1. If you add up the charges near Val255, with Lys and Arg at +1 and Asp and Glu at -1, over every other residue whose beta carbon is less than 15 angstrom from its beta carbon, what do you get?
2. Placing unit charges on C-beta atoms (Lys and Arg positive, Asp and Glu negative, everything else neutral), compute the dipole magnitude of the stretch 237-352 about its Cα centre in debye, rounded to 20.
3. Which of Pro396, Ala263, Val154 sits closest to the plus end of the dipole of the chain, meaning its Cα is farthest towards the positive end, when Lys and Arg get +1 and Asp and Glu get -1 on the C-beta?
4. Taking Rh as the Kirkwood radius computed over C-alpha pairs, what is the Stokes-Einstein D of the stretch 229-282 at 37 °C in a medium of viscosity 0.692 mPa s, expressed in µm² per second?
5. In whole angstrom, how far apart do the alpha carbon centroids of the stretch 403-435 and the stretch 208-252 sit?
6. Rounded to the nearest 0.05, what FRET efficiency do Thr279 and Thr306 give with R0 = 22 Å and r taken as the Cβ-Cβ distance? Could you check?
7. Top to bottom by accessible area (1.4 Å), largest first, where do Tyr111, Tyr462 land?
8. Which length gain, in nm to one decimal place, applies between Ser389 and Asp403 when the Cα-Cα distance is subtracted from 0.36 nm times their residue separation?
Amino acid sequence: MRSARPTRRLAASAVAFAALATGLLAAAPAQADSQALPVVRLTALPTVALPSAPATVQPNWSYRTNASSLNVDDAVISVDFSGLAHIAKVSFSDNCTVAGTVATCTEFLDYGAVSKGETFGSQIQMTLKALKSAKLGTKGSYTVSGTSSEATIVGRTGTVVVGGPALSLDQPPSQSGVAVGSTVSEPVRFTNSGDRPAPSVKVLLRASPGLVFATHYANCTYGTAGDPDVSTDLALCTVAGPIQVGEVAELADPVQLQVTQAALLTYLDIQTFAPGDATGLSGITWTQGSGDTLALTVIDPGQSTTAPAGRFSTSFPDNESNYQIASVQADNTADFGVTGSSASAAAGATATFDFTGYAAGPATLFDRSGGELVPGVVVTPPPGTTVVSSSSNCQPWQQDNPDATAHGPYVCDFNSFLIPAGTTADFSLTVHVDTSTPGAQGSVALFSGPSTGSPSPYTFPYDPNTANDTAVLALN
């Protein structure tokens with residue numbers, strides 16, 4: 001999601017960059033000429049569950065447009081929050097002026113070129129704090145509308161409900177040294193830290209490449225995300241409750257995961273949702289599971305309450321979350337290697353070297369550290385040459401060093417943190433032959449760590465094969 005770019009009017013306004021989310025926009029400004037104005041719409045909004053005071057919540061909202069570019073810097077957004085007066089105290093960011101129960105806000109929708117389906121964040125912050133007199137389960141609403149001489153702004157009405165469950169996950173155990181072909185178990189335990197019971201819980205499981213679900217259930221659906229060679233297995237289970245306030249429960253059966261030949265650094269991502277919460281997934285083809293029905297085991301029953309069960313989650317207390325990750329490290333290897341190249345050219349001519357970095361497996365490398373484990377390729381051109389150009393995935397090891405630009409070394413990237421067996425990255429380096437020297441050689445080699453600064457020696461701990469870690473660039 002993109003924020004508006006600076007405009008000539010931006011300096012005149014104190015713009016806050018958090019988002020606002022349960023209201024919506026509408027208003028069609030008068031059209032200045034016969035050309036149709038771009039249409040800006042608020043995206044679909046989830047119901048917002050308002051936690052008990054003194055906690056606050058800031059709903060997030062975003063925009064979409066039918067235009068290929070958007071340059072609107074005179075939008076005025078009005079938020080009528082009279083429908084929240086009985087449940088919440090409402091405040092706004094500095095780009096809004098409040099009169100009674102209506103806030104009038106400036107909004108800059110100046111994004112330039114727009115990709116199809118792209119969304120844009122709002123600069124308006126709307127903060128809600130529940131009134132002490134507000135009863136759990138009480139609902140309210142607010143309406144957002146907008147005007148502009150440069151766009152038609154389409155709005156909606158957002159819903160707020162007081163209270164809700166907050167199904168906070170325990171950290172699952174991590175495992176290492178797991179044998180390929182084995183099946184491992186991961187428990188899923190959570191606590192309702194909210195102020196209303198939940199009628200059920202949705203549990204979303206993501207098994208990274210190298211792990212597959214060994215057991216399926218009738219109350220789960222299954223799908224995949226990503227490319228076929230590196231797809232993530234998904235399971236979305238709806239498990240009946242109720243889950244009382246303060247209750248600690250866990251899935252009656254731990255998640256069973258089969259460890260495949262592609263496993264090395266693998267993970268099970270776990271999320272819990274109240275039944276009305278959006279999971280954030282789209283474009284997934286789901287298949288209904290079969291077999292037994294997955295149930296809950298109550299560890300601590302919590303406390304009974306007269307509050308009605310809630311379908312939408314409130315925010316979580318500090319240091320709690322509905323998202324946890326279990327690390328499953330397999331006893332496996334991932335062989336990486338390079339190929340060299342040869343070329344012939346007389347002095348004064350140019351020569352192009354095509355070389356590669358490749359992953360021979362058997363494991364898929366999935367690096368969630370930010371690139372520290374993904375190997376790179378460092379190439380040094382033969383002596384007596386000057387680099388003319390390189391493929392886009394190769395750069396001088398020092399960007400602002402003319403000597404490095406002319407004579408290397410260059411560092412080349414796989415450009416991915418997820419590299420399955422069979423991956424080949426193609427690189428090229430074109431040089432001008434300053435001096436023709438028979439048998440001149442440059443080098444290609446793997447290196448470790450991010451491709452900034454001087455390349456470090458290759459020390460990937462899961463690659464025992466060193467024979468293919470270097471290769472030669474042969475000239476003449």
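The values are calculated or read from the model by the stated rules, or taken from the named source; none is laboratory data. Quick caveat: nothing in here was measured; it's all calculated off a predicted structure. We place every Cβ from the backbone using ideal geometry, glycine too, and count neighbours over all the protein chains shown. Heads up: the accessible areas ignore ligands, DNA and RNA and are worked out on the full protein's heavy atoms, side chains in. Shrake-Rupley method; radii C 1.70, N 1.55, O 1.52, S 1.80 Å.
1. Working: positive: Arg189, Lys202, Arg206; negative: Asp170, Glu186, Asp233, Glu250, Asp253, Asp269, Asp292.
Residues close to Val255 contribute a combined charge of -4.
2. On the way: 1 positive and 11 negative charges, 85 e Å.
In debye, rounded to 20, the stretch 237-352 gives about 420.
3. It is Val154.
4. On the way: Rh = 14.3 Å.
The calculation lands on 229 µm²/s.
5. The distance from the Cα centre of the stretch 403-435 to that of the stretch 208-252 comes to 40 Å.
6. Details: r = 30 Å, r/R0 = 1.36.
For R0 = 22 Å, the calculated efficiency reads 0.15.
7. Details: Tyr111 10, Tyr462 45 Å².
Per-residue accessible area, sorted high to low, gives Tyr462, Tyr111.
8. On the way: separation 14, 0.36 × 14 = 5.04 nm, distance 1.40 nm.
Extra length from Ser389 to Asp403 when fully extended: 3.6 nm.
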